[in-house]
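Chemist: Take a look at this one; I'll ask things after.
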Amino acid sequence: MVLDDSFNLLEDYSRLCLRFLDLRKEGLSRWCCRWERLLAVEERLHGEVSPFVLIGNNDYHYLTYVLLKRIKEPFTLVLFDNHSELCPAPGEELITCGSWLERALALPTLQGAVVVGAAAESFAGVAPVSAEKVVYVPPDGEEKEKWRRKPGGGRLAPFTLSHPQAKTLLLSLIPPGAVYISVDKDVLREEFAVTGWEQGKLRSGQLFELLATLAGYRRVVGADVCGDPQFAPWEGWWPERRRKLRESLRFNEEFFRLVIASAAHRKIS
Ligand SMILES: [Mn+2]
């Protein structure tokens, strides 16, 4: 999706055979959006968009809500994010990049959400009722203890991502059936991603292994990625920034390859 005029590597994107959806004139604002605006683009997002979407900037992560609405069968959401995305929006008429999951939990097809790698603080102030269907997998023991002292909502997984069997244990939380994966790269440490938000504790390879396990053992019906670097057009001349963007796109390419293969394989089997 094209949501703003950030610099991007067009030659790399064209190699990925992506179809661009230009939403710049739709009046979607960063961080926060009125429901009426979001619903106005819903038809375009449902009609023109592949099940696998690069959102770009994570300020627009609330678009995942609309992408989830497309799924017509019961499914589990697996969210990799440094934030729970369960914070209440400042007003009933708004959805934000930090509140969309709270709203998505009310979708009749969403059976449950597994929030992976988020900071424990991001669960503070979360309404317990909206979090009944949520399992939280902390990145490490430190976050687990913090979560215990400041419980927000949902339940705590009986392991952290630093467990040697984390991949298998993560799978055990996800029932067989349709899975949607949403990745916000702010779940990664700063050396592995450039986002406008506080970042988490995962290494890029660790995230990739978890994603590969999900794609290998579950039927992935859709996925999105946000939190790719967003540089102003003039910043694109800096080799270091080009490198960061290229690395980020390479990750997306590998990930999409996995989930597309997962979707295709499950269709024939
Ligand atoms: Mn997010």
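Here, each number is a calculation from the coordinates, and none is a lab measurement. Here the structure is a predicted model, which is why all the values come from computation and not from measurement. Neighbour counts run over all protein chains shown; Cβ positions are idealised from the backbone, glycine included.
Chemist: Every residue in the stretch 82-104 that is more than 16 Å from the ligand (Cβ to nearest atom) and of a type in the set (S, T, N, Q), please.
Modeler: None; the set is empty.
Chemist: I want to confirm something. Restricting to the stretch 57-81 and keeping residues that are within 10 Å of the chain's Cα centre (by Cα), outside any helix (DSSP H, G or I) and not β-branched (Val, Ile, Thr), which single residue is farthest from the ligand (Cβ to nearest atom)?
Modeler: In this case the residue turns out to be 77.
Chemist: If you don't mind, there's one more thing I want to ask. Please count how many residues of the stretch 169-206 are more than 14 Å from the ligand (Cβ to nearest atom) and either touching a residue at least 12 places away in the same chain (Cβ under 8 Å) or under 16 Å from the mean Cα position of the chain (by Cα) (or both).
Modeler: Residues in the stretch 169-206 being more than 14 Å from the ligand (Cβ to nearest atom) and either touching a residue at least 12 places away in the same chain (Cβ under 8 Å) or under 16 Å from the mean Cα position of the chain (by Cα) (or both): 18 in total.
Chemist: Output the residues belonging to the stretch 99-123 that are free of Cβ contacts under 8 Å to residues at least 60 places away in the same chain and either in a loop (DSSP other than H, G, I, E, B) or of a type in the set (A, V, I, L, M) (or both).
Modeler: Correct list: 99, 101, 104, 105, 106, 107, 108, 109, 110, 113, 115, 120.
Chemist: Here's a follow-up. Among residues belonging to the stretch 212-229 that are among the small types (Gly, Ala, Ser) and under 14 Å from the mean Cα position of the chain (by Cα), point out the one that is nearest to the ligand (Cβ to nearest atom).
Modeler: Keep residues of the stretch 212-229 that are among the small types (Gly, Ala, Ser), which gives 212, 215-216, 222-223, 227.
Of the ones still in play, those that are also under 14 Å from the mean Cα position of the chain (by Cα) are 222-223, 227.
Details: 222: 16, 223: 14, 227: 7 Å.
Applying the filter and picking the extreme gives 227.
Chemist: Looking only at the stretch 209-216, decide whether some residue is surrounded by fewer than 20 Cβ atoms within 10 Å (Cβ to Cβ), acidic (Asp, Glu) and under 24 Å from residue 122 (Cβ atoms). Working first, answer last.
Modeler: Going through the stretch 209-216, the residues surrounded by fewer than 20 Cβ atoms within 10 Å (Cβ to Cβ) turn out to be 209, 212-213, 216.
Checking the rest, the ones that are also acidic (Asp, Glu) come to 209.
Applying the additional criterion that residues be under 24 Å from residue 122 (Cβ atoms) yields 209.
Checked the stretch 209-216: at least one residue is surrounded by fewer than 20 Cβ atoms within 10 Å (Cβ to Cβ), acidic (Asp, Glu) and under 24 Å from residue 122 (Cβ atoms).
Chemist: For residue 161, state whether it is in contact with a helix residue (DSSP H, G or I) (Cβ under 8 Å, 6 or more places away or on another chain) and either free of Cβ contacts under 8 Å to residues at least 60 places away in the same chain or farther than 18 Å from residue 97 by Cβ (or both).
Modeler: Spelling it out, residue 161 is indeed in contact with a helix residue (DSSP H, G or I) (Cβ under 8 Å, 6 or more places away or on another chain) and either free of Cβ contacts under 8 Å to residues at least 60 places away in the same chain or farther than 18 Å from residue 97 by Cβ (or both).
Chemist: Let me ask another. Pick out the one residue from 141, 153, 112 that is away from the ligand (no atom under 16 Å from the Cβ) and touching a Pro at 6+ places or on another chain (Cβ under 7 Å).
Modeler: Only one candidate qualifies: 153.
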